[in-house]
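The values are calculated or read from the model by the stated rules, or taken from the named source; none is laboratory data. As the structure is a prediction and not an experimental result, all values here were calculated from the model. Neighbour counts run over all protein chains shown; Cβ positions are idealised from the backbone, glycine included. When the accessible area is computed, the model is the full protein with side chains, heavy atoms only, and any ligands, DNA or RNA have been set aside. Shrake-Rupley method; radii C 1.70, N 1.55, O 1.52, S 1.80 Å.
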Amino acid sequence: MGIFYGFVAVVALVLLVIFGVGALGLDTLFAVVIPYAAIALFLIGFAYRVFKWAKSPVPYKITTTCGQQKSLPWIKNNKLDCPHSTWAVIGRMALEVLFFRSLFRNTKSELKSGPKLVHGDEKYLWLGALAFHWSFLIVFARHYRFFTNWECSVMTLVNNLDSFFQIGLPMLYMTDLILVGAVTFLFLRRVLSPQLRYISLAADYFPLFLIFGIAASGILMRYFMRVDIVEIKNLAMGLVGFNPAVPEGLGIIFYIHLFLVSVLFAYFPFSKLMHMPGVFMSPTRNMANDNRARRHINPQNPEVKIHTYEEYEDEFRDVMKASGLPLDKEE
Amino acid sequence: MYNSGKIIIGLLVFVLAATFPIWYNAATGQSDEYKPDPKIVVDTGYCVAETNYMRKAHMDLLNDWRDRVVRDGERFVNVQGEVMEMSLTNTCMMKCHWNKEDFCDECHNYAEVSPYCWDCHLEPKEVE
Ligand code: HEM
C-alpha cells in the first residue's frame, strides 16, 4: 500500500503544478510564495528538531564499538572502531558521514537449501547509498550557480570531471545518470526483497519517488525540454535578494522541478530525511568509549539530598557529648 | 540542552552554508537587478532560427550542425532563402556575432558555463 500512496502523492503534486500554473496561471504562488515558505519551514523545522534532540538526556554511554577498547598499554587499541578521544570520534564520524562505513559492514543471512543458514557480506546497499548521496550532493552544489555570481573553482573542476566524456550539448553529467540509477536501485531494493517490502512504509517510498521526480524533471530540462536559463537565474537571484520578479513563459517543466524541490524541503523536517543532522547527534556514534577513564554522569539522576557524618555530628554535638559518645571533632 | 556549544556551532555552520547565496550576494553588493545584456550588432532582422528558440536552444542547433558537418558531410543550410554555411566561426561569429565578449560571454558568464569550443575553433579578434 505504501508504495501506492507514495506514488500517487508525487503524481498528484505534479498534476497540481500543471493545473496551478498551466490552467490557473498562479506563477507567483509557485515561483515565489511556495519556495519561500518551503525554505522557511525547512530552516525552522530543522533547527527545532535539532534543539529537541539536544534537549534529550543521554543517560548512559552507549557508544557502539567494533574494536578493541583502549586499556592496558600493551593491548593495541583500535582507534577508529573504539574511539577513546575526541579526535578519534571525529575520525570515526567523518568516515561514517563521508563513506558510510557502517553500511559497508552490512551483512545478510539467507536460508539456503539444506536447510542451511548462510551469513554473508552485502555491499550493494553501501554502494547504492554512496552513489546516491554523493551524486545528490554534487548536483545540489552545482545549483548554487543560479543563486550567486560566485565562481567557485572547485565546482568548475567537479563539473569538468563530471562532463568528462563531453557527450552532446549541453554536455552530459555522469552524476545525473548515477543519481537516477541509484534512486532506482534503492527503490527496487525495497520492492524486490520480500523482507524489505514488508517493513517499507509510504514514508519510505514517498521521498524516493519525490527525488526521482526532481531528478527526472531536472534532466528533462537540461537535455530535452529547453528552458531559458538566463530568465531562471534572474528569478533565482531575485529570490535570494528578496526582490523576486517572475519572468514570463518559464515553461511548465521548470515549475514542476521547483515545486517538487519545495515539497522536498518543506517535507524534510517532518521525515526520515532528518537522518542528515541525526547522524551527527547519534549517541552511539558521537561519544568516545572512555567509560573506564571518565565517569559519565547520567543527567537524569535526581538530586539526592545527602547528610554527611560531619554535618550529623555538628547537628547533634551537644546531645552526643552529653551522653558521652566519642566525637571526631570536639568543638 | 546538552552539548549546546557544539550543537549551536554545527547548526550555525549548516544554516550559513544553506543560506550562502543570501548573505554572499548582500555582502559583495551584487545587485539582483543585474541582467545580462547580449548585444546584437548586426541588424539582419533574423538569426539562423527564431530568437526565442535561439535563446533557449542554440546549443542544440550547434550540436546538430556539428553532427551534420562532421558526420554527414553536409555543409550548407537554407535560412530564410539564404544559403549559409553550417559553421561556428564562419557563420555565427564572422557573419553576425563578432563581439563574442559582449554577446556569448555576456550570458555564459552569468549562467556560469564555459563552452570548450574555443579550444579548437577560432574566435574573432579585433585588429587594430
Ligand atoms: C534538492 C534540490 C535539487 C535537486 C536534487 C535538483 C536536481 C536537478 C538535476 C539532477 C538536474 C539535471 C542537471 C544537473 O545535474 O545539473 C537539474 C537541473 C536544473 N535544476 Fe534542479 N534540482 C534541485 C533544485 C533546484 C532549484 C531550487 C532550482 C531553482 C532555481 C533548480 C533549477 C534547475 C534548472 C534551471 C535546471 C536545468 C539546468 C541546465 O539546463 O543546465 N533546481 N536539477
- prompt: Using every alpha carbon pair in the range A:2-322, what percent of pairs falls into each 20 Å bin from 0 up to the bin containing the largest distance?
  reply: 22, 48, 22, 6, 2, 0
field: Top of B:Val113, B:Val48, B:Val13 by mean-square fluctuation, Gaussian network on chain B, Cα under 10 Å
entry: B:Val13
- request: Please return the longest stretch of chain B lacking exposed loop sites, where trypsin sites (Lys or Arg not before Pro) count only if DSSP places them in a loop and at most 14 other Cβ atoms lie within 10 Å.
  value: B:76-124
- prompt: Pairing the Cα long axis of helix B:51-72 with the longest principal axis of chain B, what angle in degrees results, from 0 to 90 and rounded to the nearest 10?
  reply: 60
- line: Farthest towards the positive end of the dipole of the protein assembly as shown, among B:Thr89, A:Ala216, A:Ile62 and with Cβ unit charges of +1 on Lys and Arg and -1 on Asp and Glu, lies the Cα of A:Ile62
- prompt: Which entries of A:Lys76/B:Lys6; B:Lys39/B:Lys100; B:Lys39/B:Lys95; A:Lys233/B:Lys56 show an alpha-carbon separation above 20 angstrom in the structure shown?
  reply: A:Lys76/B:Lys6
- request: Counting other Cβ atoms within 10 Å, keep those with at most 16, restrict to DSSP loop, and tell me which chymotrypsin sites (Phe, Trp or Tyr not before Pro) in the range A:239-273 are left.
  value: A:Phe242
- line: In the range A:28-72, the trypsin sites (Lys or Arg not before Pro) that sit in a DSSP loop and have at most 13 other Cβ atoms within 10 Å of their own Cβ are none
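For A:Asn160 and A:Val33, what is the calculated FRET efficiency with R₀ set at 41 Å and r taken between the beta-carbons, to the nearest 0.05?
0.65
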message: What is the angle, in °, between the Cα long axis of helix A:86-99 and the longest principal axis of the Cα atoms in chain A? Nearest 10 is fine, range 0 to 90.
response: 30
query: For the range B:87-127, what's the radius of gyration and Dmax over Cα atoms, in angstrom?
result: 10.1, 29
message: List the residues of the range B:31-55 for which accessible area in the full set of protein chains is at least 30 Å² lower than for the chain on its own; 1.4 Å probe, protein heavy atoms only.
response: B:Asp32, B:Lys35, B:Arg55
- prompt: Ballpark to the nearest 100 Å², how much total accessible area do B and A bury together, probe 1.4 Å?
  reply: 3500
field: Three principal axis lengths of chain B [C-alpha, angstrom, descending]
entry: 75, 34, 31
query: In the range A:7-95, which chymotrypsin sites (Phe, Trp or Tyr not before Pro) fall in coil by DSSP and have 14 or fewer other Cβ atoms within 10 Å?
result: A:Tyr60, A:Trp74
